[in-house]
Amino acid sequence: MKKWSYIFVLSIVFFGPSSPNAQSAPLTVADCIDMALIKNQQRAIAQADLQMAQARIGQARSAYWPQVTTSALAVRLDDNPLFVFPEETDTYTITDLLPQPIVTNVTIPQKDIKLLDKNLFTASANITLPLYTGGLRSGYMRQARAGLTVAQQEVRRTDQQIIYDVRRLYFATVLATRLSQIAQEALTHLTATLNLSEGLYLRGSGKVKKTDYLQNKIFVESVRGMQTRLQNQAENARAALIFYMGLSHDTHMTLSETDIPIQQTTASLNDLLNSALRFNPDWLSLHAGLEATEGKIQETKSEMRPRLALLGNLEYITNSYEQGIVPPQNKRAWQIGLGLEMPLFNGFRTRHKVQEVKARLTQLEHQKILLHEGLSTQIKILYQTLIATQQHVASAQAALDAAKENYQLTELGYQADLLEVQDLIEAQITEAIIKAQYHTVCYEHYQTHIQIEKLIGTEIERLLHE
């Protein structure tokens, strides 16, 4: 939309009339779409799914970063920790002092050795940097990226559904309103004819019989009931449009469009099929599912592959004691090294898990073929319908022109006493029916057009318009 039109829509949404029955400026279909894309709750739900998928990308990427943890402990013990050195007796042989070796027994009594003071504070920091995970990290990333693609396609699918529903209901309201107007016009003409035939019948001119008058009255009352029903359908379609736009049910809204647009189709069937395979959200989501399954296979295989990591540790101890296990050289310590983990046997669990995921991959491959055929069939049916309705619109327009001319000539003939009143009534009803059929066919053509646009996903304006 143009800049000022977009500002206008935003002003209606955020600064619109507070009264539920307040009048608003007539809205175009583009205005309604912009408003729905702002207010519709389904779009907010899809955007939240997209944010969650983006967060999962960050979670998967965290496996490439070093993992750092710290811990601290401050305690007071009930007593000083001791190491009890038991009484020990050793036999010693002394030589080189006397001609004969001296054998003596030495007994060392039990001794209590203090290890540390009762007040203790320790702190440590550990770092782990994975160097090789056997494909685990890359498998996580492939699945997370595929999940992001699925979420993005879900947002596109939601937007397309909202746009489709708004356009469909907008012009359904236009159609029902136009049909109601046609019925009202026919009712006005038939009522005037009824009044004329009633006067002729009551005066006994002989030109109008009672049966003619009664038939005319039947037509008038039938059209009156039809006009009421069509007006109610227009209000129902308007209420549904307000709902899909995300507005309150008591919002008053008027539409600026009065005619259903007719767009000539120049694209070939192959153009539409190729475009659908590039832009259809379901097709792209399925490809993302295949990529995620490949990543799952990669993750599963990593269970039986070695893992290598760089390990580091830093420890700090605060204690007033300087001996035992806490001499100064023990109060600060660090270590660094490489850690290797090598799975050897897990009862063939990993092999069967890989077989399961591969079966899932095969299933998706068959679903891909099924989806391809389904998309092709849907587009072919819609394309054929579009071409048929396009031709129907042309014939309906020709029939409408003929019906208008027939009514004008019949009215002139009746005024010149060349035709009967029944001829005039028949011409009036025929014109109303043909006019209603013409607008109905226009709506069918438009609805088929937007169905193709929704199915393809994008670039439909370039493909379907001259």
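Please treat every number below as a calculation from the coordinates, not as lab data. The model shown is predicted, which means the values in this text are computed figures rather than measured ones. A quick note on method: Cβ atoms are made from the backbone with ideal geometry, for glycine too, and the neighbour counts reach across all protein chains shown.
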Original post:
Angle between the Cα long axis of helix 41-61 and the longest principal axis of the chain, 0 to 90 degrees, nearest 10?
Top reply: 30 degrees
Original post:
For the residues D117, D31, D78, D401, what sequence is obtained by ranking on other C-beta atoms within 10 Å, fewest first?
Top reply: D78, D401, D117, D31
Subject >> Over the chain: helical MRE at 222 nm, DSSP H runs n ≥ 4 each giving -39500 (n - 2.57), nearest 500 >> reply: -22000 deg cm²/dmol
Subject >> Distance between region 47-83 and region 331-360 - C-alpha centres, whole angstrom >> reply: 21 Å
**OP:** For region 115-132, just list the computed ³J(HN,Hα) in residue order, Karplus coefficients 6.51, -1.76 and 1.60, θ = phi - 60°, integers in Hz, with x standing in for Gly and Pro.
**Re:** 8, 7, 7, 5, 8, 9, 10, 10, 9, 8, 9, 10, 10, 10, 10, x, 9, 8
Subject >> Degrees between helix 29-39 axis and first principal axis of the chain (Cα, 0 to 90, nearest 10) >> reply: 30 degrees
Original post:
From the residues A36, I113, P66, which one has its Cα farthest along the dipole of region 36-173 in the positive direction, the dipole being from +1 and -1 charges on Cβ of Lys/Arg and Asp/Glu about the Cα centre?
Top reply: A36
Subject >> Within-9-Å neighbourhood charge of P343 [Cβ basis; K, R +1; D, E -1] >> reply: 0
Subject >> Options P86, Q160, Q447, ranked by Cα towards positive dipole end of the chain, top entry (Cβ charges) >> reply: P86
Subject >> Ranking of V220, V150 by count of other Cβ atoms within 10 Å, fewest first >> reply: V220, V150
Original post:
How far is helix 210-244 tilted off the main Cα axis of the chain, in degrees rounded to 10, range 0 to 90?
Top reply: 20 degrees
Subject >> Greater than 30 Å apart at Cα, pairs in K217/K404; K39/K296; K39/K368 >> reply: K39/K296; K39/K368
**OP:** With only Lys, Arg, Asp and Glu charged, each at its Cβ (+1 for the first two, -1 for the last two), find how big the charge dipole of the chain is about the Cα centre; round to the nearest 20 debye.
**Re:** 460 debye
**OP:** Please order R178, R305, R157 by the number of other Cβ within 10 Å, starting at the fewest.
**Re:** R305, R157, R178
Subject >> Positive-end residue of A144, L386, L77, charge dipole of the chain with Cβ unit charges >> reply: L77
**OP:** Beta carbons within 10 angstrom, averaged per residue: use that to sort the peptides 243-250, 273-280, 292-299, highest first.
**Re:** 292-299, 273-280, 243-250
Original post:
Once Rg/Rh (Cα atoms, Kirkwood Rh) is worked out from the coordinates, which option in [x] 0.96; [y] 0.98; [z] 1.37 does it equal?
Top reply: [z]
